[in-house]
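Quick one: the structure is below, questions incoming.
The values are calculated or read from the model by the stated rules, or taken from the named source; none is laboratory data. Small disclaimer: the values here were computed from a predicted structure and weren't measured. Every residue, glycine among them, receives a Cβ derived from its backbone with ideal geometry; neighbour counts consider all protein chains shown. Protein only, heavy atoms only, side chains kept; ligands, DNA and RNA dropped before computing areas. Shrake-Rupley method; radii C 1.70, N 1.55, O 1.52, S 1.80 Å.
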Amino acid sequence: MSQLGFFAVDRSIWDHPLLRRQRFNEHAAFLWLLSSASYAARQVMVGSLDVELERGQLAHSSRYLASVWQWPDATVRRFLKRLKDGAAIDMETDAGVTRITICNYDKYQRLSRRHGACDDAVSGARVTQQRRKREDKKTREDSSETTSLQNTREARASKRSDRLQVLAAFEGVLSADRAAAVVEHRALLGKSLTVHAALLLARSLSKAPDPNAAADEMIERGWLAWKPDWSRNSVELNWRSNRNSLVEGLDEIERMLSRDA
């Protein structure tokens, strides 16, 4: 360490109410690693994993670090690699969780041990216990935030995948813009399409002379689906057919009466 001396900073500095959260620079990122490292050996939960930490260690996914530092995930990995290559940290990754060891942690934190031999043992144990509780709580909160972020991303990815499959069900039947309009129409009605429902609707629309026009009619009339016999054109054709049948029947009756006369 340098001869310029050092100063103690409370870990809560990262949540100071007067300081706006901004993108970290490299100094802030390294200081965050120092402040997040465990003061003493302990066991923490990271996601669904039990992780054993020694003094000077922390465990997070690179994605969580990226969210805190407001960096791209690739930038986080390059930065950690550079710190490791420069012997500032050591790290090992298992099941997506990276355990980081701060090299020379005791030198960075020598203030906390300057009077270790002279401190009252009971008081020191109490302070250590309180600090561990704070660190455990922060780790649990960080872990919960990481899990929540991962779940949110997975849910979004699943939703995008479902939408693509629904749109694919209309392929070859509707144009891309009509398919998107039908999907949005159903969502606005509060009846979002499943993949199976989309396949059934596509099959029904394919029976129309012009499936795109049938889709437009379905949207205009606020229908959840479309059937050939619901169509305006089909109703008109049925009416004409019934009228022609009626006329033909009347003509036949008239001819029969004429023969009898």
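Give the range 13-39 a look and list any residue that's at pLDDT 85 or above, of a type outside the set (Ser, Thr, Tyr) and either in contact with an Asp or Glu (Cβ under 7 Å, 6 or more places away or on another chain) or farther than 17 Å from Tyr108 by Cβ (or both), or say none. Full working, then the answer.
If we filter the range 13-39 for residues that are at pLDDT 85 or above, which is where we start, we get 23-39.
From what's left, of a type outside the set (Ser, Thr, Tyr): 23-34, 37.
Once the filter is applied, which keeps residues that are at pLDDT 85 or above, of a type outside the set (Ser, Thr, Tyr) and either in contact with an Asp or Glu (Cβ under 7 Å, 6 or more places away or on another chain) or farther than 17 Å from Tyr108 by Cβ (or both), the range 13-39 yields Arg23, Phe24, Asn25.
Run down Ala213, Ala198 and say which single residue is assigned to a helix (DSSP H, G or I), hydrophobic (A, V, I, L, M, F, W, C) and surrounded by fewer than 20 Cβ atoms within 10 Å (Cβ to Cβ).
Ala213
Further question on the same structure: Given Arg140, Arg178, Arg163, which one is open to solvent by 50 Å² or more (accessible area, probe 1.4 Å) and either among the aromatic types (Phe, Trp, Tyr) or in contact (Cβ under 8 Å) with a residue 40 or more places away in the chain (or both)?
Only one candidate passes the filter, namely Arg140.
Suppose we keep only residues that are under 20 Å from Ser35 (Cβ atoms) and part of a helix (DSSP H, G or I) within the range 64-74. Which one would you say is most open to solvent (accessible area, probe 1.4 Å)?
Among them, the one singled out is Ser67.
Looking at Leu83, is it assigned to a helix (DSSP H, G or I), touching a residue at least 24 places away in the same chain (Cβ under 8 Å), touching a strand residue (DSSP E or B) at 6+ places or on another chain (Cβ under 6 Å) and surrounded by 12 or more Cβ atoms within 10 Å (Cβ to Cβ)?
Here the answer is yes, as Leu83 does meet what is asked.
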